[in-house]
Amino acid sequence: MNEKADGPPGRRDLSDEADNAAQDLKATADAIRVDIGRLAVIEDEKLALDPEDPRVDEASDEAVVLADRIGMQARAERQLSRELG
């Protein structure tokens, strides 16, 4: 944590915190985009398979993991945006 050179001891530099939050927000948005892209690919692959193919179940498991992660990332993104706002 950075301290402001001309401020009271222990005071955090708020502009650095805002910059860090903005960088975290961008990184989170980028991660969400990557996961959404992978999720779309999985769904396309599932459509090409016979519904009884055991790979459908495997792909569905991966899709659930990705969807859960996207949800967690979206909640983190919301929190970061609140910190900025």
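Tally time: how many residues in segment 28-75 are under 25 Å from Glu17 (Cα atoms) and either acidic (Asp, Glu) or in contact with a Leu (Cβ under 9 Å, 6 or more places away or on another chain) (or both)? Of the residues in segment 28-75, 3 are under 25 Å from Glu17 (Cα atoms) and either acidic (Asp, Glu) or in contact with a Leu (Cβ under 9 Å, 6 or more places away or on another chain) (or both).
Rundown of residues vs (1) modelled with pLDDT under 95; (2) surrounded by 14 or more Cβ atoms within 10 Å (Cβ to Cβ), yes/no style:
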residue	(1), (2)
Ala31	no, yes
Leu39	no, yes
Ala48	no, no
Asp61	no, no
Arg69	no, yes
Leu80	yes, yes
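When Glu52 is tested against (1) at pLDDT below 95; (2) of a type in the set (D, E, K, R); (3) not in a helix (DSSP H, G or I), just one condition goes unmet, and that condition is (1).
The values are calculated or read from the model by the stated rules, or taken from the named source; none is laboratory data. Model, not experiment: these values are computed from the prediction. Neighbour counts run over all protein chains shown; Cβ positions are idealised from the backbone, glycine included.
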